[in-house]
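Notes to accompany the following structure.
The values are calculated or read from the model by the stated rules, or taken from the named source; none is laboratory data. These numbers were taken from a predicted model, which means no experiment stands behind them. The area values use the complete protein model at the heavy-atom level, side chains included, leaving out ligands, DNA and RNA. Shrake-Rupley method; radii C 1.70, N 1.55, O 1.52, S 1.80 Å.
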Amino acid sequence: MTSEAPEKLLDRVRKLLAKAEAEGVTPPEAQALTAKAAELMARYGIDRALLAAARPETDAPGSRLVDLDNPWKRVKAHLLCGLGAAMRCQCILLTTRTGLRVHIFGYDSDIERADVLYTSVLVQMSHGLATAVVPERASPRSWRRSWLLGFGAAVISRVKAAEQAAQATAEQHQQADAGKSTALVLADRSLVIRAAVQREYPVTRAARTTYSGTGYGAGYEKGQRADLGTRRVTRPASPSLTRSGG
């Protein structure tokens, strides 16, 4: 574990991302700042896990319910579940009378990280969609939906890579340490969360998300440059994700 307190790491993440979003920052500068922020966010997750292995009271397993409504409710669910899985949470998708509900299971620190990233990326998706140009002869709704799914897939892929890199670095630093390895700590946490999901939902089935539009590649390319977020899941999405879609 690093000598920096986990709370300090998260504070550094927020400050880096605030700089990246400031007026006058060039795109290369913003990309460098957000890349560093993603690295620190992943390190924060590892540090919290290792701290909890020694002091279980610092990070308990829990769950959170997030309601998603139209428009684009299934796209939002795909994004939230993908980010949650990348950050060592498990998500159960439930259908409600008014929309969809995601039940996220994970350790508190991992749910917090997924929360921070989800809302920021959702806002960025709406901004990007507002400026995206639908090609002629394409179905606007299908193209926009595929664009959103491509954007989300790119961000999820980047988060997974940052998480894997942080774990690999932590394991290298622990080679001379006789204590429990990072891999074992994370595996134990995964078992705890899996058991919690199974207790609550003994029978589940895998959900698939498909698309028919041609905007996936454009959305994926845009998602490769997305910031990795500072806002909370409780903030509303911006207008372009609440006007049209499904």
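Full extension of the chain segment joining Thr98 with Glu200 gains 34.5 nm, where the gain is 0.36 nm per residue of separation less the Cα-Cα distance.
Of the accessible area of the range 40-131, computed with a 1.4 Å probe over protein heavy atoms only, carbon and sulfur atoms account for 50 percent. Of the Cα atoms belonging to the range 85-127, the radius of gyration and Dmax stand at 11.7, 31 Å.
Over all distinct Cα pairs, what is the inverse of the mean 1/r for the range 92-154, reported as the Kirkwood hydrodynamic radius in Å? Walk me through the numbers before you get to the answer.
Working: mean 1/r = 0.0716 Å⁻¹.
Value: 14.0 Å, from the Cα pair sum.
Using a 1.4 angstrom probe, figure out how much accessible area the range 40-128 has per residue, in square angstrom, rounded to the nearest whole.
Details: 3110 Å² over 89 residues.
Per-residue accessible area for the range 40-128 comes out at 35 Å².
With all protein chains in place and a 1.4 Å probe, the accessible surface of the range 146-196 carries 55 percent carbon and sulfur. Fully extending the segment from His173 to Ala54, taken as 0.36 nm per residue of separation minus the present Cα-Cα distance, adds 41.1 nm.
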